[in-house]
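Let me give you the structure first, and then I'll get to my questions.
What follows draws every value from the coordinates through simple rules; no lab data is involved. If you're wondering where the values come from, they're calculated on a predicted model, not measured in any experiment. Here the Cβ positions follow ideal geometry from the backbone for every residue, glycine too, while neighbour counts run over all protein chains shown.
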Amino acid sequence: MKGKRLLALSIGWGLLCCLPHVSIAGEVKAMRGTASIPEISPAPDQAKVPARQKTMKRLFIEQPPMIPHEVDDYTVSATQNDCLDCHTREKTSEAPAIGASHYRDAAGRELQELAATRHFCLLCHAPQTDAKPPVDNTFVPAEENKP
């Protein structure tokens with residue numbers, strides 16, 4: 001009995017390995033177009049970041065706000081963070097202040113300074129661009145989905 005199962009499994013795996021690859025879902029469209037892997041495809045157009053613009057609406061509750069200005073020349077390193085020149089609690093005038101969550105440590109205790117875990121702003125906050133989505137998107141924010 002055990003030998004028959006093993007033989008059946010072996011034959012089944014052998015057939016699966018020998019069958020040519022069949023696409024059940026149809027043709028897959030790659031973002032690189034029709035260029036084969038060894039070919040060098042042209043680079044996509046670079047999205048432009050306007051100098052200043054109105055802040056985009058958030059699409060979900062915990063979404064980090066998008067950056068409405070250029071940040072190409074900003075330095076964000078272990079020793080320097082140019083974002084803090086305008087966005088700390090003490091220095092905000094026209095720029096929005098950093099959120100209260102950024103002044104809490106991992107245990108939830110309030111801190112006087114920015115939490116070290118929140119120092120690298122560009123890990124979560126991205127500049128707004130005029131880029132078109134690379135694929136079709138039918139996403140609708142939850143609040144707009146309500147009847």
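How far apart, in nm, are two points set 7 Å out from the Cα along the Cα-to-Cβ line at Ala107 and at Leu59?
Between Ala107 and Leu59, the simple spin-label model gives 3.8 nm.
Continuing with this model, one more query. Between Leu122 and Gln46, what is the label-to-label distance in nm when each label sits 7 Å out along the Cα-to-Cβ direction?
It works out to 1.3 nm between the two label points.
Additional query: If R₀ is 25 angstrom, what is the calculated FRET efficiency for the pair Asp130 and Ala100, using the beta carbon separation as r and rounding to 0.05?
According to the calculation, E is roughly 0.20.
Full extension from Arg5 to Ala30: what is 0.36 nm times the residue separation minus their Cα-Cα distance, to one decimal in nm?
This chain segment gains 4.9 nm when fully extended.
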